[in-house]
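Presented below is the structure to which this report refers.
The values are calculated or read from the model by the stated rules, or taken from the named source; none is laboratory data. Remember, it's a predicted structure, so these values are computed and weren't measured experimentally. Every residue, glycine among them, receives a Cβ derived from its backbone with ideal geometry; neighbour counts consider all protein chains shown. The accessibility values were calculated without ligands, DNA or RNA, using every heavy atom of the protein model including side chains. Shrake-Rupley method; radii C 1.70, N 1.55, O 1.52, S 1.80 Å.
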Amino acid sequence: MMKMIQCLPFIKKGDVGELSPLIFKEGRLQDDEMGQAGSSRCPQADGAETQSDLQSELGPQWLCQQYKQHCRNNKVNGCVKYLMFLSNFMFTLLGYLILGIGVWGLIDKESLELANISSLSTDPMLAFVVVGLIVGVFPCSGCVGALRENQCLLKFFVAGIIMFVTAEIIGGIVVYAQRDRIEHFLKNGMTLGVKRYQDDPDVRFIINEIQQGLMCCGVESYHDWQLNMYFNCSSPGVHACGAPASCCINPQENGTVINSQCGFGTLHMEEVTAQNYIYLRGCMSQLTSWFNSNIDSIGAIGVILMVIQLLGLIFAMKILSDIELIKAHW
């Protein structure tokens, strides 16, 4: 009983209803005194009584009900809390995995050394580092903030989600309005990738995946490999006047071993002959066709990501609201 009494600092004039047996309006008390002469005064709990007075005048059943109600009202919703923790924990792991891959790539290629620092801005691994940091830091703040009920971290998470949602909406509008410029930007990026094909293993991997996946060769056509100093017909090397194996229609011998020389000498062939060995169509047109045919799936993924972010925002706001309610009661 003493434990419940000690937990009753919340029983104040503003915290209980108008009909509570603890609070009597001044006018109503005067009416009761005038209408019922000689009747005893009802107990008041406006802060003037001691805990022993409350214990003697309030019934144990009523105190128990108030204590249980107080305990129910003064904690964060557990379902929301742990659901937010688990969802953000998965995104945190994903973000730091991407970050680790990016850092490993930069270190492995020695891109952070002074001699190579000038080409760091065009290194694909830098994009992994940036995306990994963004995907890792904000969900981590939401994960720890929900678990520890930390208002500072939760507000940081909420600000990040609002920033992301706003950026995604603006970015979608800009991409739609400037789609011709973006196509030109992608074309320039792929052309730069063709030129640096032999110099950067990450660029080489990306170009190979694009050419194999889309069954294409070069940017506009297979002749774009003339832009590469190693595949140019004036080059003295063994790759001269050829194309990478990822351009080949059938790059494998006997279905098991990749023939890295399957594209050699194809740049000086006529198209009628070259089409038997390599793809003639450039990747830019294939990429545009792929995007147009998968626009519905891309839009659905975007909507799902937006819904996940909005749910995270709602969960964080609910936890912040519960924390404020707890502070108000105590």
Which number in (1) under 29 Å from I107 (Cβ atoms); (2) assigned to a loop (DSSP other than H, G, I, E, B); (3) within 40 Å of the chain's Cα centre (by Cα) marks the one condition that G218 misses? (1)
Which one is farthest from D202 (Cα to Cα), of the residues in the stretch 109-137 that are open to solvent by less than 60 Å² (accessible area, probe 1.4 Å) and of a type in the set (G, A, S)? G136
Mind listing whichever residues of the stretch 90-137 are touching a Phe, Trp or Tyr at 6+ places or on another chain (Cβ under 6 Å) and free of Cβ contacts under 8 Å to residues at least 40 places away in the same chain? I98, I101, G102
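In this structure, is Y230 among the aromatic types (F, W, Y) and either in contact (Cβ under 8 Å) with a residue 60 or more places away in the chain or in contact with a helix residue (DSSP H, G or I) (Cβ under 6 Å, 6 or more places away or on another chain) (or both)?
Answer is no for this residue.
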Kindly provide the set of residues from the stretch 221-263 that are under 18 Å from V203 (Cα atoms) and either open to solvent by 90 Å² or more (accessible area, probe 1.4 Å) or part of a helix (DSSP H, G or I) (or both), ordered by number. Y222, D224, W225, Q226, L227, M229, A245, S246, C247
If you check Q198 against the conditions, is it farther than 30 Å from N88 by Cα, over 28 Å from the mean Cα position of the chain (by Cα) and either small (G, A, S) or part of a helix (DSSP H, G or I) (or both)? no
State whether one or more residues within the stretch 138-149 are open to solvent by 30 Å² or more (accessible area, probe 1.4 Å), closer than 26 Å to S321 by Cβ, out of contact with any Phe, Trp or Tyr (no Cβ under 9 Å at 6 or more places or on another chain) and touching a residue at least 12 places away in the same chain (Cβ under 8 Å). yes
Flagged pairs (Cβ under 8 angstrom, 6 or more apart or on separate chains; first in the stretch 302-313, under 11 Å from I161 (Cα atoms) and aliphatic (A, V, I, L, M); second modelled with pLDDT of 90 or more and open to solvent by 70 Å² or more (accessible area, probe 1.4 Å)) are L313/I162
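Residues checked against (1) under 30 Å from L227 (Cβ atoms); (2) open to solvent by less than 40 Å² (accessible area, probe 1.4 Å):
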{"position": "G160", "(1), (2)": "no, yes"}
{"position": "I169", "(1), (2)": "no, no"}
{"position": "V174", "(1), (2)": "yes, no"}
{"position": "E183", "(1), (2)": "yes, no"}
{"position": "D202", "(1), (2)": "yes, yes"}
{"position": "E209", "(1), (2)": "yes, no"}
What is the number of the single condition among (1) crowded, with 18+ Cβ neighbours inside 10 Å; (2) touching a helix residue (DSSP H, G or I) at 6+ places or on another chain (Cβ under 6 Å) that S87 does not meet? (2)
